[in-house]
Structures are given as structure tokens and as C-alpha cells.
Amino acid sequence: MSTMFNRFRQMRISRQLSITAGASIILFSVTLTAIASTLISRQLRDNAVTDARLQTEQFAERTIFAFLVEDLTVAEEAIGSITAFPNIDDARLIRADGETLARYDNGHAINDTNSPIRHLTNIRESSEYWIVAAPVLSSPEPNDLDNGSVNAEYLGSVVLAFSKSPVRETIRTIWVINGLAGLAAAGIFLALLSFQMRVLTDPLRSLSSTMSNGGRDAPRKRARIFGSKEIQEIAAIYNQLMDEIETSQAALESEVAIRTQELKTARDAAFAANRQKSEIMAAVTHEMKTPLQAIIGYTQLTLEELEFAVEDDAAHRSREQLSNILGRAHELLNRITQMLDLARAEAGKFDLNLVETDISALLHDAQKSILPLAAERNNKFTAEIDCPATILIDRDKFQQIALNLMTNACKFTHNGEIYLRCKGRPNRLLLEVEDTGVGIAEKDIDSVFEPFRQVDMSASRAFGGTGLGLAISRQFAKLMGGEIDVRSELGAGSVFTAKIPLPIKMGAYGAK
Ligand SMILES: Nc1ncnc2c1ncn2[C@@H]1O[C@H](COP(=O)(O)OP(=O)(O)OP(=O)(O)O)[C@@H](O)[C@H]1O
Ligand SMILES: [Mg+2]
């Protein structure tokens, strides 16, 4: 029941109104028809009874002669005159002593009765008949038999049976006519109502469809202004709203276009500045490298000359100091080389140098050079290399990536394990370096590839380095169209994975 009511409430207004008004009109016309028909029927029945009593009375007067002469033929003639009426089925003339003088039994509705009839009486009413009786007096003057003031002699009585069928027929006809009239009125009413409803709801429907679809499309649809005054007002307000939205949207779009242009200019300027910075850095580091290499060269030369000098304390000290200078100079050269590499990669100054490379041999060499560092930290090193004979790749850059990842694994792991895995497939080369070292916290994971970024500065200071290894490795991987990812858990270890799609296309990938 409640679901029906809910469904009704969600119907269109026009349908709700049609159902409510239609049901009301039908109920109203049915009730009106029933009341009118009942009243008319009752009136018709009352009239029929009055007519029957009048007819009986008149018939009684017409039978006086028959009672006086007591002649059957005269009596039957009198009966014949009354039974010619279609509504009279039975008639009986009863003498004062209760004996029947004459009778006409068509419907057999009249029972024998011996009691004298002193007044005009409705003896009985059945579903089919009204039985009416009247006294027959020698004079038609009123006769008060009950009070004993007798003006006329009581001759007997007449009893007539009036059939109800003609009245019932008329009543039925009236019900049918009234019913049809009620239906016709309800139909006309409903037609008028649905017309009025359409006049009222069409503008509403058009407005609602414009509002639901028009707001999305560009240019926004405007509502048609028609219908009742209130609906026209709503449509006008909606159109005004759409005008305002379009105006402010146009203003917003032009503002966005200006801002986008400004941002583009700023971004281009930033790119240009970054590139310029990298170019300057590349030039400066390059300029620094030349004198440093000269310093290293001269120091080495001096050291070699000292080999032949007299072995005394001063010579010994000089050799030690020069060795220290040489070590630091190499460290400095190493860092300058790293900065130069990164600056050149960022400035897009690196070209790929693709050569057929035996990856297994390359990685075994790298592993050899890294083993002392692994041993120094008491780490166990395991390598699983599964590569085809040769791959066309930039040998030096791939080697540097592998060395950087392996050095990091050794640097940040103590008494642990390091795994080097490499899989060469026709469509990609996968290099994975896993360690069980200190690991990286989740919040730091994205920043490890940024230049000069070391997660824990104090710890990194202990491990050494400048924080450039991963930044350079990622630039090199990108230069070959690849990427380096990391998965790590603080305290549990890290896995760095370099993926390089094969075959590498020359000049297809710019460093970012
Ligand atoms: N295997 C690893 N385990 C834990 N932390 C690591 C690992 N590899 C790198 N990191 C973190 O990322 C930082 C950046 O590494 P990156 O190789 O760029 O610099 P670095 O090793 O500190 O110095 P450089 O490589 O220039 O000698 C490191 O300082 C360290 O904090
Ligand atoms: Mg490093």
C-alpha cells in the first residue's frame, strides 16, 4: 500500500491530477446517479400505489350494480372492463357473506379471504404484486361502518392485484438512462479536465526538459516562455540565470586562458633557466676537471720521482702527504665527474653510444670491482645473470647504473645479503639489485632520486658520497627509454629495479 502511494507520489503532476480528478468525477457521478434514481424510483412506486388505490375505489363503484343484481354475467363484464388494464393481473368480487361473486385469476395473487373489507386497504404487497381491496356500498356516499352510522348498505368488496412489472420496467429504464447520462457527463468532464491539465502541464514539462538537458549543452538552451503567468516567470528567471552563468563562464575561460599562457611562459622560462644552469654547471665542472687532472698528473710524477730519492724521514713524510693529496684529488675528480655527468644529462648534452655488449661479462667485471666493498661490510654477494650473448646498448651508461646500484647496496648494508639479478629478454632488459640493509622510510622513497639528496644526512656522511649516484642513474636509464624504480622497507632492505625496453631507439628519448 505504502509502495503504491510512493509510486503515485513520484508520478508526473498531470498523471496525479488525472487520477485524482478522474476518480472523484466517477465517484461523484455514480453517487449522483444512484441518489437521483433512488428518489425517482421511490416516487414512481408511491404514484403507482396511489393510482392502484384510486382504480380499486373506482372499480368498486362500477360493480355496485353487479352486486345488487347478483348476476354473474354482469359481474364478469365489470371484471372484464378492469382487467383490460395491463397492470391488473387478478380481480375478485366478494359478496358481504364472504362468497366470491366473480373472479379473474391470471396471476393467482389473491388468496381467499372472508373478512369484510370496510375501508380502502392495501391488503398485501409481494415482490410481484400490490393487492388492494375496497368495500362496495349501495350508495357511493361515505359510510362509517365502524361508528354504526350507516348511510349505505355494505354489498361486498372488490380485490385487485396490480402487477409491479410495468413500474419496475420504468424504474430500470430510469436507472439505465441516469447511468448513461452520468457516464456521459463524467466523460465530458474528464475530457475537459485532461485538456485543462495539458494546458497547465505542457509548459511545465517543456521547462523541466529544458532545465535538465539544456544546462549541460553549450550553448545552453533557453526555456520557451509560455503557459500560465507563474510558469512564464520561472522560465524567465531560468533564462536570466543561464545568461549570467554564460557571462561568468566566458569571463572565467578567458581568465584561465590568460593564466595558462602565463604559466606556459613561466614554465618555458624555468626550463630555459634550468637548462642554462646545467650548461653553466657542465662548463664549470669541465673547467675544474682540467686543472685537477693536471694536479693529479703532477702529484703522481712527483711521487714517482720520490721513489728514487734517498730514503729518509723527510722523503717518507713527503711521500705519505703526496699520497694523501693524490687520494683526495681522485675523490674530488670523481665528484666533479659525477656533477659533470648529471649537468650534461640534464642539459641534454649526452648522446647514446650503442654497442653490442656482453652484459654477463660486464656485470661480472662490475661484481669483481664491488666485491672488496661488500667484504668490507661483511655482506654476502649473490649474482643470477640470465642474458643473451650480446645486447645493443650504451655500455658505459649501463655499467654506471649497475655500479651505482651495487655500490649503494653495499654501502647501506652491514652483515647482510646482496643479490644481483639480470634478465635479458628480446623486448626488455631488467636489472635488479636487492639488499637486506637499512632500507628507506616510505616518506623518503620519492626523494632518493633527487640530486644531492641523502635520506639520513648523518648516516650518509658516515657512508660517504654526494647524493648524485641515483639521480645520474635515473637520467641514464631515461636516456635509453627506461626507468628505475625502488621498493623498500625501513630496517628490512631495498630493491632497486632498472627496466630498459629493447631495442633502444637512437635519439628517441630526451633526458628530463
Ligand atoms: N640500497 C640502499 N639502501 C638504503 N638507502 C639507500 C640505498 N640506495 C640509496 N639510498 C639512499 O638514497 C640516497 C641517495 O643515493 P645516491 O646513490 O644518489 O647518493 P649517495 O650514494 O649518497 O652518494 P653518491 O652515490 O653520489 O656517492 C642515499 O644517500 C641513501 O640515503
Ligand atoms: Mg650512491
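The values are calculated or read from the model by the stated rules, or taken from the named source; none is laboratory data. No experiment lies behind these values; they were computed from the predicted model shown. FYI the Cβ positions are ideal-geometry reconstructions off the backbone, even for glycines, and counts take in every protein chain you see.
Annotation: A361 fulfils all but one of (1) in the same structural domain as Q400 (by TED's automatic domain parsing); (2) assigned to a helix (DSSP H, G or I); (3) in contact with a helix residue (DSSP H, G or I) (Cβ under 9 Å, 6 or more places away or on another chain); the unmet one is (3).
Every residue, every condition in (1) surrounded by 14 or more Cβ atoms within 10 Å (Cβ to Cβ); (2) without any contact (Cβ under 8 Å) to a residue 60 or more places away in the chain, yes or no:
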{"position": "I64", "(1), (2)": "yes, no"}
{"position": "E77", "(1), (2)": "yes, yes"}
{"position": "D90", "(1), (2)": "yes, no"}
{"position": "A96", "(1), (2)": "yes, no"}
{"position": "T100", "(1), (2)": "yes, yes"}
{"position": "H108", "(1), (2)": "no, yes"}
{"position": "S127", "(1), (2)": "no, yes"}
{"position": "I131", "(1), (2)": "yes, yes"}
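For the stretch 414-450, a residue qualifies if it is more than 7 Å from ligand 1 (Cβ to nearest atom), over 24 Å from R395 (Cβ atoms) and assigned to a loop (DSSP other than H, G, I, E, B), and the qualifying residues are H414, N415, G416, T436, A441, E450. Of the residues making up the stretch 469-485, one or more are among the hydroxyl-bearing types (S, T, Y), within 12 Å of ligand 1 (Cβ to nearest atom) and either on the phi > 0 side of the Ramachandran plot or touching a residue at least 60 places away in the same chain (Cβ under 8 Å) (or both).
Each row is one residue, and each column tells you yes or no for (1) surrounded by 12 or more Cβ atoms within 10 Å (Cβ to Cβ); (2) touching a His at 6+ places or on another chain (Cβ under 7 Å); (3) not small (G, A, S).
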position: F226; (1), (2), (3): yes, no, yes
position: Q232; (1), (2), (3): yes, no, yes
position: S254; (1), (2), (3): no, no, no
position: I258; (1), (2), (3): no, no, yes
position: Q261; (1), (2), (3): no, no, yes
position: K264; (1), (2), (3): no, no, yes
position: D268; (1), (2), (3): no, no, yes
position: A282; (1), (2), (3): yes, no, no
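Looking only at the stretch 69-85, decide whether some residue is touching a strand residue (DSSP E or B) at 6+ places or on another chain (Cβ under 9 Å) and assigned to a strand (DSSP E or B). No, the stretch 69-85 contains no residue that is touching a strand residue (DSSP E or B) at 6+ places or on another chain (Cβ under 9 Å) and assigned to a strand (DSSP E or B).
Scan L192, L252 and give me the residue that is closer than 30 Å to Q16 by Cβ and free of Cβ contacts under 8 Å to residues at least 40 places away in the same chain.
Numbers: L252 fails: closer than 30 Å to Q16 by Cβ.
Going through L192, L252 in turn, just one is closer than 30 Å to Q16 by Cβ and free of Cβ contacts under 8 Å to residues at least 40 places away in the same chain: L192.
The listed residues are E255, E230, E244, E279, and the only one of them that is acidic (D, E) and either outside any helix (DSSP H, G or I) or at pLDDT below 85 (or both) turns out to be E279.
Examine the stretch 312-333 for a residue that is within 60 Å of the chain's Cα centre (by Cα), at pLDDT below 90 and of a type outside the set (D, E, K, R), and state whether such a residue exists. Within the stretch 312-333, not a single residue is within 60 Å of the chain's Cα centre (by Cα), at pLDDT below 90 and of a type outside the set (D, E, K, R). Give the number of residues within the stretch 200-225 that are out of contact with any Ser or Thr (no Cβ under 6 Å at 6 or more places or on another chain), touching a residue at least 24 places away in the same chain (Cβ under 8 Å) and either aromatic (F, W, Y) or not in a loop (DSSP other than H, G, I, E, B) (or both). Selection size over the stretch 200-225: 9. Screening the stretch 451-470 for residues that are in a helix (DSSP H, G or I) and either β-branched (V, I, T) or modelled with pLDDT of 75 or more (or both) and picking the one that is nearest to the chain's Cα centre (by Cα) gives L470.
The condition (being assigned by TED's automatic domain parsing to the domain that holds E432, modelled with pLDDT of 85 or more and loosely packed, with under 12 Cβ neighbours inside 10 Å) is satisfied by just one residue among E304, E356: E356. From the list A375, A402, A409, the one residue that fits, being without any contact (Cβ under 8 Å) to a residue 40 or more places away in the chain and either surrounded by fewer than 19 Cβ atoms within 10 Å (Cβ to Cβ) or within 14 Å of ligand 1 (Cβ to nearest atom) (or both), is A375. Criterion applied to R168, R124, R118 was being at pLDDT below 85 and closer than 16 Å to A52 by Cβ, and the one residue passing it is R124.
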